[in-house]
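In what follows, a single structure is set out as structure tokens and then discussed.
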């Protein structure tokens with residue numbers, strides 16, 4: 001048998017042989033006669049990867065899809081969109097398929113059904129290599145300046161860990177020391193807040209930095225490690241003397257001088273010592289092979305090495321979302337995280353780009369390289385698992401996450417946005433919230449191509465060219481397609497809602513709609529819903545009321561779609577409202593909205609009024625609790641704006657700052673946010 005194109009993988013069983021070819025096709029032969037049984041077109045013009053196990057043939061295809069083929073290898077059982085960029089690794093066990101993509105994600109699929117069962121995001125988007133066996137998943141990923149080495153161990157569950165190439169602990173410092181791992185100007189390592197509590201540096205090393213130090217095994221006793229903590233790389237107890245030199249696995253032409261020194265507790269470790277870090281009971285196997293590849297990538301790229309704690313594997317949870325007509329949202333917004341807003345964290349602007357007023361000017365001022373570096377750090381630090389834990393302790397069950405179009409596609413001409421790890425950061429937090437607390441997540445398309453409201457919250461202040469712009473319209477539909485596909489790729493996709501637009505305004509600071517703008521919004525909503533329903537019949541879709549009330553949309557959207565919800569925002573910081581009257585106004589608005597034909601949630605609300613804001617009495621507490629009760633009693637609930645807020649503008653008669661009226665976390669710390677079980681009373 002011959003192949004006219006270069007083969008890039010061969011699999012076989014007792015009767016058949018298959019090969020993935022350079023031309024993108026998969027060819028299957030009868031192994032005995034050599035007869036070509038089929039040439040399967042995967043729709044790609046690059047090498048097709050293939051794997052086979054227990055009669056199931058897997059191949060990569062067009063649009064980074066995976067095709068699961070039946071027992072004959074000739075028919076197609078089903079095809080799934082696996083990743084958003086090239087698939088770089090496939091690994092099969094008897095029951096599972098693991099894939100790694102250049103989108104920075106490692107995924108686990110059920111081999112029989114083809115369903116996605118688990119997912120892990122790597123630190124950076126460019127995933128170069130993964131090594132997988134029954135016990136460990138290890139990955140190396142990079143961006144333009146960093147290399148991250150990560151590992152997920154399989155103990156009783158999959159446990160996230162750290163893989164270190166740039167730290168060593170002298171034996172003398174192990175017995176008595178703090179758990180601080182130092183940071184130098186040339187090498188970034190885990191910051192103290194990333195290090196879980198440990199009783200000694202030895203335990204800190206065992207728990208947080210997956211590297212071996214030449215100490216007795218009992219010092220690195222892992223029995224005290226919590227089940228949700230990172231684990232050692234080694235699956236066997238570490239024994240003194242069983243250490244390999246990483247330099248044994250590095251090509252001779254790679255110089256150790258390229259590796260920067262590392263400071264640990266002010267003790268500088270020599271560069272060559274970096275290659276004696278790894279303890280392993282065998283010199284063969286995927287772990288050692290991985291180290292060789294990782295070291296080569298690191299040295300050749302001459303990038304800063306970082307430690308990063310991988311998120312835990314995400315396990316599917318039962319989809320218990322009852323639909324917006326029956327759901328009661330007690331939610332918060334994660335604004336200012338993936339779309340910058342200066343008033344939410346002024347210090348981030350003043351420290352980096354004082355003249356910038358929004359995300360677009362922030363990036364245009366700094367340049368995309370510097371801007372991207374700062375934003376990537378922010379994506380992975382501003383909202384944390386600890387924030388989600390805190391929200392959940394107060395009964396929060398919904399997250400609304402604003403995201404700009406540039407998270408899904410490159411910035412259009414004239415815009416200065418950074419496209420990077422927004423989606424990865426979003427889903428790390430979202431999947432944690434879903435799998436740990438069964439929260440619901442609203443992905444809000446906050447900034448559309450061209451700009452839909454001219455406000456800073458869309459990314460670029462003053463831009464208002466989305467309306468009646470066919471190019472922007474077409475790009476917005478492409479955005480909807482990509483965002484929908486992204487949601488449906490998630491392990492717990494049934495716990496998401498997609499929101500099509502945020503606060504559309506046909507003219508700057510005109511908080512309402514015209515006859516023409518209503519028609520244009522309906523055109524967009526109809527086209528977007530059509531694209532979504534091609535992909536999912538049940539994904540909930542939110543449309544904005546555009547500040548004209550949910551009932552205004554009844555003539556257009558009554559009985560159109562069972563999974564539609566209206567997003568309206570209720571604010572009292574403008575319009576002349578007094579703080580002591582606003583609670584009543586919010587309650588009566590909610591009561592009046594309950595008769596809309598579609599369910600309605602309050603996508604944004606706060607406790608700032610136009611006048612008489614102050615901290616000295618129970619006004620904020622009454623205002624917050626009355627709104628929460630009214631919105632959940634009469635409507636489908638709401639999401640407070642914002643989860644975090646550090647605004648320092650003076651808005652109170654007593655000189656109090658904006659953050660005391662807009663930060664859910666501050667309000668919670670002051671006893672204003674109710675705990676589960678607290679009695680609430682709506683004021684109407």
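The values are calculated or read from the model by the stated rules, or taken from the named source; none is laboratory data. Because the structure is predicted, anything quoted here is derived from the model rather than measured. Cβ: placed from backbone, ideal geometry, glycine included. Neighbour counts: every protein chain shown.
A few comments on the model shown:
Yes or no, residue by residue, for (1) touching a residue at least 40 places away in the same chain (Cβ under 8 Å); (2) surrounded by 21 or more Cβ atoms within 10 Å (Cβ to Cβ):
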site	(1), (2)
580	no, no
596	yes, no
602	no, yes
607	yes, yes
615	yes, no
623	yes, yes
626	yes, yes
631	yes, yes
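- Candidate set: region 103-116, residues that are over 15 Å from the mean Cα position of the chain (by Cα) and surrounded by 17 or more Cβ atoms within 10 Å (Cβ to Cβ); chosen: the one modelled with the lowest pLDDT: 114
- Against the numbered list (1) surrounded by fewer than 19 Cβ atoms within 10 Å (Cβ to Cβ); (2) part of a helix (DSSP H, G or I), residue 424 comes up short only at (1).
- Only one entry in 517, 499 is in contact with a strand residue (DSSP E or B) (Cβ under 7 Å, 6 or more places away or on another chain) and either closer than 16 Å to residue 564 by Cα or modelled with pLDDT of 95 or more (or both), namely 499.
- Of the residues contained in region 343-365, none is found to be closer than 30 Å to residue 544 by Cβ and either under 18 Å from the mean Cα position of the chain (by Cα) or not assigned by TED's automatic domain parsing to the domain that holds residue 601 (or both).
- Residue that is surrounded by the fewest Cβ atoms within 10 Å (Cβ to Cβ), among those in region 405-421 that are in contact with a helix residue (DSSP H, G or I) (Cβ under 7 Å, 6 or more places away or on another chain) and part of a helix (DSSP H, G or I): 407
- Residue match in region 458-477 (condition: assigned to a helix (DSSP H, G or I) and crowded, with 22+ Cβ neighbours inside 10 Å): yes
- Look at (1) under 20 Å from residue 581 (Cβ atoms); (2) out of contact with any strand residue (DSSP E or B) (no Cβ under 8 Å at 6 or more places or on another chain) and you find that residue 659 fails only one, number (1).
- Residues that are in a loop (DSSP other than H, G, I, E, B), touching a strand residue (DSSP E or B) at 6+ places or on another chain (Cβ under 8 Å) and free of Cβ contacts under 8 Å to residues at least 60 places away in the same chain, drawn from region 633-652: 635
- Residues of region 538-562 that turn out to be part of a loop (DSSP other than H, G, I, E, B) and either more than 24 Å from the chain's Cα centre (by Cα) or surrounded by 21 or more Cβ atoms within 10 Å (Cβ to Cβ) (or both), as a count: 11
- Any chance residue 339 is modelled with pLDDT of 90 or more, outside any loop (DSSP other than H, G, I, E, B) and touching a strand residue (DSSP E or B) at 6+ places or on another chain (Cβ under 7 Å): no
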